[in-house]
Amino acid sequence: MEDHRILLVDDDLNLLEMLLSIFTNAGYHDLLAASSGAAALQLWREQKPDLIILDVMMPGMDGFAVLREIRRTSRVPVLMLTARGEAEDRIEGLETGADDYLSKPFLPKELLLRTKAILSRAYPEQQRQVELAASTVDLSRAEVWKDGETLSLTAKELQLFEKLFENAGRIVTTGILCETICGEFWQGYESTLSTHIRHLREKIEENPSRPVSLITVKGLGYRLNLKEEKP
């Protein structure tokens, strides 16, 4: 969720700085900021954010005008912010195409919860299932289905598998995999990696001693072959 790009728009620079801090502290890293309607539209066109947090009361082009311009061509989710709580503002915002509405002052937690809800509706996470020669790995559940049996992956095994899956069909070096499970100071953990690889093979391979999905590339690292790929 935190990978989504969010555009924050408010003419109050102190509030804009606070919004950036709230989202940064919550783990959102792809943030854009604008202090006017014109700047917001320019960033929206150039950067294509996944969500816009949009202040209503801005001089010149207000939030409603910005939203109307956006809605001419885009359904990007928009959460409106206003210092006024009148029902008329809320109705106008929703009729113009806002996805939600939050009155100032607001609690950071409520802003984050509403943001998360909007992103979940707009960009639902699809179930991620990986088909291998002898098993199916469900990344969303950290489970392996093999021979009618369900096996659970440990946190480290899931981390390893996700890294291998991101690079399916390509070699992932021992160093990269060690760093994935141990952090940047991974030197000396090669034997720990070998242990996790062995346990992972026991869960995903028909014959762990003769793997066809999780292959060792001698002197380099490992490669994950998906079902449709040849080992």
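Points to keep in mind about this one:
- A residue that is modelled with pLDDT of 95 or more, farther than 19 Å from residue 122 by Cβ and not charged (D, E, K, R) occurs somewhere in the range 2-14.
- The one condition in (1) in contact (Cβ under 8 Å) with a residue 24 or more places away in the chain; (2) under 18 Å from the mean Cα position of the chain (by Cα); (3) surrounded by fewer than 17 Cβ atoms within 10 Å (Cβ to Cβ) that residue 114 fails to fulfil: (3)
- Residue within the range 103-110 that is under 23 Å from residue 50 (Cβ atoms), loosely packed, with under 14 Cβ neighbours inside 10 Å, of a type outside the set (Ser, Thr, Tyr) and in contact with a strand residue (DSSP E or B) (Cβ under 9 Å, 6 or more places away or on another chain) present: yes
- Close pairs (8 angstrom Cβ cut-off, 6 or more residues apart or separate chains): closer than 20 Å to residue 203 by Cα and among the acidic types (Asp, Glu) in the range 160-187, modelled with pLDDT under 90 and surrounded by 14 or more Cβ atoms within 10 Å (Cβ to Cβ) anywhere: 162/139
- Qualifying residue in the range 163-174 (condition: in a helix (DSSP H, G or I), surrounded by 13 or more Cβ atoms within 10 Å (Cβ to Cβ) and over 25 Å from the mean Cα position of the chain (by Cα)): yes
- Here the condition is being under 21 Å from residue 101 (Cβ atoms), without any contact (Cβ under 8 Å) to a residue 60 or more places away in the chain and either assigned to a loop (DSSP other than H, G, I, E, B) or aromatic (Phe, Trp, Tyr) (or both); of 61, 18, it holds for 61 alone.
- First in the range 190-202 and in the same structural domain as residue 157 (by TED's automatic domain parsing) and surrounded by fewer than 16 Cβ atoms within 10 Å (Cβ to Cβ), second anywhere and among the β-branched types (Val, Ile, Thr) and assigned to a helix (DSSP H, G or I), Cβ under 8 Å, 6 or more apart: 190/174; 192/181
The values are calculated or read from the model by the stated rules, or taken from the named source; none is laboratory data. Because the structure is a prediction, the values reported are computed rather than measured. Here Cβ is always computed from backbone atoms with ideal geometry, including for glycine, and neighbour counts include all displayed protein chains.
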